[in-house]
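Q: After the structure tokens below, expect a handful of questions from me.
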Amino acid sequence: MAVSAARMNAEPAPSARLGTRRTVLLLQGPASTLWPRIADALEAEGHRALHVNLSLGDWLFWRRRGALNYRGRLQDWPGWLDALCRREAVSDILYFADRLPYHRAAAAVAAELGIRAWAVENGYLRPDWLTLEPVAMGRHSRFTRDPATIGRLAAGRPRADLDPRFPVPFAVEAANEVVFNLAHVLGRLAFPRYVSDKRVAPLLEYAGWIPHLATLARSRRQAAAVERDCARPGSDHMLLALQMETDYQIRASSDYPGQTEMLEEVLASLARSAPETMRLIVKIHPFDNGLIDWRARTRRIAARHGLADRVTVIRGGRLAVLLAEARGLITINSTTAVEAMRRGCPVLPLGDALYDVPGLCHQSGLERFWTTPEPPDPQLFDDWCRALASEIQLRGSQMNRAGQAVAAAEIARRIGAAERYWQLYETSPDAPSPLAVAAE
């Protein structure tokens with residue numbers, strides 16, 4: 001997906017240099033109708049919205065006229081996109097999930113043409129927040145991790161509203177994901193050269209849910225029993241939050257090839273450095289597809305380190321209850337950490353996390369976390385939430401219709417006020433260049 005030196009020195013696309021009316025190109029969005037709602041909101045603000053379908057899933061959820069279909073090869077995508085941006089005077093590119101191969105290439109094309117690229121993702125301040133950030137997020141985010149800068153950004157900003165507003169039933173979310181991903185596969189006749197970023201074929205992934213559904217009642221009973229045990233005052237336990245094994249937060253924002261290696265490291269440290277009374281509760285991600293038997297895998301590792309009676313793996317359980325008496329939370333970079341910090345629970349991120357800020361997270365390593373975990377500073381956490389909400393977070397939902405309307409209106413507003421929201425990115429000496437982000 002390399003581009004020529006001539007194109008790297010090219011003049012910016014025309015509308016990237018002109019006034020406030022913007023031409024926004026929307027690439028692949030989430031498994032919902034959020035993308036057409038954003039297009040409606042952009043047009044209501046006087047902007048122009050374009051869309052490119054990369055797969056049948058994109059086509060199914062767009063539900064608007066006038067989209068272009070890209071059916072070429074992935075290696076030809078940058079040149080095709082470059083020509084489109086020049087022809088249509090594109091000023092902004094919007095995509096969901098910055099690490100998708102098509103989107104990484106789009107970030108590079110945007111940088112070369114002087115176009116602003118925007119990444120949308122699930123919010124850090126969940127459940128009813130989304131991320132809108134220049135170019136990329138996670139390890140590649142430009143958002144500061146300096147406590148003093150966070151304090152300055154938070155000054156005068158309203159407190160972030162963390163109360164849920166836009167509920168989405170699990171069945172709705174699951175149905176959308178199934179339709180979206182199966183459409184990628186079944187739509188090969190319409191989009192024969194589409195390259196999915198999925199590591200596991202959707203049919204195989206969904207088959208993994210069958211054993212989980214068959215044992216759902218037993219899992220709930222076990223989680224409830226662990227909850228009762230952990231709710232006892234003085235319970236000596238830590239919580240470890242697993243993530244989705246194929247999540248880009250692990251692939252692109254940590255140095256672990258997978259969570260097995262992380263479990264090996266954590267359990268070896270638990271055996272070596274934790275008090276003998278301490279237990280570790282390993283919580284499986286609620287959307288884990290079950291293709292990896294985390295219970296069996298964790299038990300094998302625990303037994304090898306002499307921890308068979310000190311490590312418990314659960315699927316389910318209420319996070320608030322599990323955290324209430326926990327000595328700390330360990331994760332690679334899950335947003336579960338934000339809920340833990342909100343409750344004053346010490347957090348140790350083992351990967352690259354936006355919230356890994358001195359004063360918010362434990363900074364003294366895994367070995368010391370078992371005995372002297374560093375709790376989050378409540379004022380710094382409040383400042384961090386205020387700063388995030390004013391810069392890269394916005395209220396809304398991917399799937400709840402009321403939440404979509406709120407999110408779409410705010411995304412359109414921020415794109416229209418692009419200079420304001422790109423200010424930190426363009427002035428920060430630590431911000432990675434878009435070309436460097438795309439190349440990783």
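Q: Taking the condition of being among the β-branched types (Val, Ile, Thr) and not in a strand (DSSP E or B), how many residues in the range 303-327 meet it?
A: Matching residues across the range 303-327 total 1.
Q: Related question: Would you tally the residues in the range 362-419 being under 30 Å from Gly114 (Cβ atoms), assigned to a helix (DSSP H, G or I) and among the small types (Gly, Ala, Ser)?
A: Number satisfying all stated conditions: 9.
Q: Pairs only if they're at least six apart or on different chains, beta carbon under 9 angstrom, first in the range 246-257 and in contact (Cβ under 8 Å) with a residue 40 or more places away in the chain and on the phi < 0 side of the Ramachandran plot, second buried (at least 21 other Cβ atoms within 10 Å of the Cβ) and among the basic types (Lys, Arg); list them, first residue then second.
A: The qualifying pairs are Tyr248/Arg99; Arg251/Arg99; Ala252/Arg99; Ser253/Arg99.
Q: Going by the conditions given, is Ser91 at pLDDT below 95 and at negative phi? Steps first, answer last, please.
A: On the way: at pLDDT below 95: no; at negative phi: yes.
No, not satisfied.
Q: So Pro12 ticks every box in (1) at pLDDT below 95; (2) crowded, with 22+ Cβ neighbours inside 10 Å but one. Which box is left unticked?
A: Single failed check for Pro12: (2).
Q: Still on this structure, I have one more. Given the structure, is Pro127 over 20 Å from Arg420 (Cα atoms) and at pLDDT below 90?
A: For Pro127, the condition - over 20 Å from Arg420 (Cα atoms) and at pLDDT below 90 - is met.
Q: Moving on to the next point. Of the conditions (1) touching a residue at least 60 places away in the same chain (Cβ under 8 Å); (2) of a type in the set (D, E, K, R); (3) surrounded by fewer than 17 Cβ atoms within 10 Å (Cβ to Cβ), Arg343 satisfies every one except a single condition; which number is it?
A: Tallying (1) touching a residue at least 60 places away in the same chain (Cβ under 8 Å); (2) of a type in the set (D, E, K, R); (3) surrounded by fewer than 17 Cβ atoms within 10 Å (Cβ to Cβ), Arg343 fails exactly one: (1).
Q: Looking only at residues that are in contact with a Phe, Trp or Tyr (Cβ under 7 Å, 6 or more places away or on another chain) and not in a loop (DSSP other than H, G, I, E, B) in the range 49-68, which one is surrounded by the most Cβ atoms within 10 Å (Cβ to Cβ)?
A: Gly57
Residue-by-condition table, conditions (1) among the β-branched types (Val, Ile, Thr); (2) touching a helix residue (DSSP H, G or I) at 6+ places or on another chain (Cβ under 7 Å):
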residue: Thr33; (1), (2): yes, yes
residue: Gly46; (1), (2): no, no
residue: Ala49; (1), (2): no, yes
residue: Trp59; (1), (2): no, no
residue: Trp62; (1), (2): no, yes
residue: Arg65; (1), (2): no, no
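Q: Can you name every residue in the range 321-339 that is open to solvent by less than 10 Å² (accessible area, probe 1.4 Å), aliphatic (A, V, I, L, M) and either without any contact (Cβ under 8 Å) to a residue 24 or more places away in the chain or over 17 Å from Trp129 (Cβ atoms) (or both)?
A: Hits for the range 321-339 are Leu322, Leu323, Leu329, Ile330, Ile332.
Q: Still on this structure, please answer the following. Specify which of the listed residues (Ala387, Ala405, Ala412) is open to solvent by less than 20 Å² (accessible area, probe 1.4 Å), farther than 26 Å from Arg343 by Cβ, at pLDDT 90 or above and out of contact with any Pro (no Cβ under 6 Å at 6 or more places or on another chain).
A: Exactly one residue qualifies, and that residue is Ala412.
Q: If I filter the range 257-271 for residues that are among the polar types (S, T, N, Q), at pLDDT 95 or above and over 16 Å from Leu366 (Cβ atoms), do I get at least one hit?
A: The answer is yes, given that some residue of the range 257-271 is among the polar types (S, T, N, Q), at pLDDT 95 or above and over 16 Å from Leu366 (Cβ atoms).
Q: Please work out if Arg159 is of a type outside the set (S, T, N, Q) and over 18 Å from Val90 (Cα atoms).
A: Details: of a type outside the set (S, T, N, Q): yes; over 18 Å from Val90 (Cα atoms): yes.
The answer is yes for Arg159.
Q: Looking only at the range 328-356, count how many residues are in a loop (DSSP other than H, G, I, E, B) and more than 18 Å from the chain's Cα centre (by Cα).
A: Qualifying residue count for the region: 5.
Q: Among the residues of the range 152-177 satisfying the criterion of being loosely packed, with under 15 Cβ neighbours inside 10 Å and among the aliphatic types (A, V, I, L, M), which is modelled with the highest pLDDT?
A: Ala155
Q: Of everything in the range 82-93 that's among the hydrophobic types (A, V, I, L, M, F, W, C) and touching a strand residue (DSSP E or B) at 6+ places or on another chain (Cβ under 8 Å), which residue is most open to solvent (accessible area, probe 1.4 Å)?
A: So the residue we want is Ala89.
Q: Another question, if that's okay. For the range 306-315, what are the residues that are surrounded by fewer than 18 Cβ atoms within 10 Å (Cβ to Cβ) and touching a residue at least 24 places away in the same chain (Cβ under 8 Å)?
A: Of everything in the range 306-315, just one residue is surrounded by fewer than 18 Cβ atoms within 10 Å (Cβ to Cβ) and touching a residue at least 24 places away in the same chain (Cβ under 8 Å), namely Gly306.
The values are calculated or read from the model by the stated rules, or taken from the named source; none is laboratory data. Just so it is clear, the model here is predicted, and its values are computed rather than measured. No Cβ is skipped: glycine too gets one built from the backbone with ideal geometry, and neighbour counts run over all protein chains shown. Note: areas computed on protein heavy atoms with side chains; ligands, DNA, RNA excluded. Shrake-Rupley method; radii C 1.70, N 1.55, O 1.52, S 1.80 Å.
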